[in-house]
Amino acid sequence: MSSVLGWFRSQSDDSACRFEQGLGLLAHRGTEQVDGVSSPSGILGVARYGWECDQSVAGPAQVVASGDWVAVADAVLYYQDDLRRRL
């Protein structure tokens, strides 16, 4: 079970502090593995338990940034052996 959290900045807020507060509120979903991207316009991240990052479960938390775009993924690809056989 993961948490995906975004905090978008206004001119007067402390976004990093508010993002940390948000993670604290979602701690019951795991905060052992946190991955995020911070930019002038905000912070976007994902957090989960460490055991969920094992390759046999879901792999590492993923936040990818490219230019103005940021994608957050919390995904599990099931039946990988079946997919490999069919490919």
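The values are calculated or read from the model by the stated rules, or taken from the named source; none is laboratory data. The shown structure was predicted, so the numbers you read here are calculated from the model rather than taken from an experiment. So basically every Cβ, Gly included, is an ideal-geometry build from the backbone, and we count neighbours across all protein chains shown. Protein only, heavy atoms only, side chains kept; ligands, DNA and RNA dropped before computing areas. Shrake-Rupley method; radii C 1.70, N 1.55, O 1.52, S 1.80 Å.
Some observations on this one:
- The stretch 41-84, subset touching a Leu at 6+ places or on another chain (Cβ under 9 Å) and modelled with pLDDT under 75, residue surrounded by the most Cβ atoms within 10 Å (Cβ to Cβ): Ala58
- Members of the stretch 1-20 that are in a loop (DSSP other than H, G, I, E, B), open to solvent by 70 Å² or more (accessible area, probe 1.4 Å) and either of a type in the set (S, T, N, Q) or at pLDDT 70 or above (or both): Arg9, Gln11, Ser12, Asp14
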